[in-house]
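The values are calculated or read from the model by the stated rules, or taken from the named source; none is laboratory data. Bear in mind the structure is a predicted one, so any value in this text is a computation, not a measurement. We place every Cβ from the backbone using ideal geometry, glycine too, and count neighbours over all the protein chains shown. Only protein heavy atoms, including side chains, enter the accessible area calculation; ligands, DNA and RNA are left aside. Shrake-Rupley method; radii C 1.70, N 1.55, O 1.52, S 1.80 Å.
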Amino acid sequence: MTTARRTFAALTAAVLVALGFATAAQADTVDYVALGDSYSAGVGAGSYTNADCKRSSVAYPELYAQNSGAKLNFQACTGATTTDVTAKQLDALSTSTALVSISVGGSDAGFTDVMQECVLGGDAACQAAVDKAVDYVHNTLPGQLEGLYSAIRVKAPQAKVVVLGYPHIYQLGTSCAFAPSDGSRGLINGAADELDAVIGKAAANAGFAFADVRSAFTGHEACASEAWLNNVVFPLDESFHPNVTGQASGYYPAFTSAL
């Protein structure tokens, strides 16, 4: 190719990008970093590519990378708290990072303890566990999220950041194995509302997009006839997490809609 033709090709590509006609090859250059906890890692969906963090090849970050051609750096890990993300995942970010997704806060608030008390301990124990978690969500989590989101912005100043929330866990008025009473289910779902409200506010304060997944999962919670969330399953750490359909039909469209 002559110098003139190379110059013309480069100018043509630049014009196409400016007009929004990015090619598949150009999409490959999008630097995407997926941060967060088990809901972003894909725990509960199977097809794990990393045993320690239980990252799934069918989790929404992988689905987005496969469908968009983006270059994925998958850092999300089961059980991750805001402290874990700050200490172990943020090094993946850089000034070239164009897109970041993150779900975090549930483990900070003691999600596992709440579910254990509500499933095994009865309504009174569930109420006490939820009250403790909600207190943490309102009084401690906001500062943790603010610090984490600020660190993300410093390390990835040009990135579009999408913060994903959490669904209601249970459908009410149905029966299924190991499920607590409707009263306890309502407490758990109410706690998810409190958590999402705090996360959404912190995301807005940071200038990040918030993807609320609750409407997508409505009618598909644990104990629904077509559940996208696992009920109690083995291994136990996959309980109350999105299954394959929950990632593909719940989290993935919520994420892409926020872009």
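Structure above, values below:
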read-out	value
Test set (1) part of a helix (DSSP H, G or I); (2) more than 18 Å from S107 (Cβ to Cβ) - A227 fails condition number	(1)
Residues within the stretch 31-54 that are closer than 23 Å to K155 by Cα, touching a Phe, Trp or Tyr at 6+ places or on another chain (Cβ under 6 Å) and of a type outside the set (G, A, S), tallied	0
Unique match (being surrounded by 19 or more Cβ atoms within 10 Å (Cβ to Cβ) and β-branched (V, I, T)) among V213, V232, V244	V213
Hey, D123 without any contact (Cβ under 8 Å) to a residue 40 or more places away in the chain and surrounded by fewer than 16 Cβ atoms within 10 Å (Cβ to Cβ) or not	no
Qualifying residue in the stretch 182-204 (condition: part of a loop (DSSP other than H, G, I, E, B) and surrounded by fewer than 16 Cβ atoms within 10 Å (Cβ to Cβ))	no
Unmet requirement for V114, which otherwise passes all of (1) open to solvent by less than 20 Å² (accessible area, probe 1.4 Å); (2) closer than 28 Å to S257 by Cα	(2)
Subset tally (residues that are more than 7 Å from D31 (Cα to Cα) and either crowded, with 17+ Cβ neighbours inside 10 Å or charged (D, E, K, R) (or both)) for the stretch 85-99	8
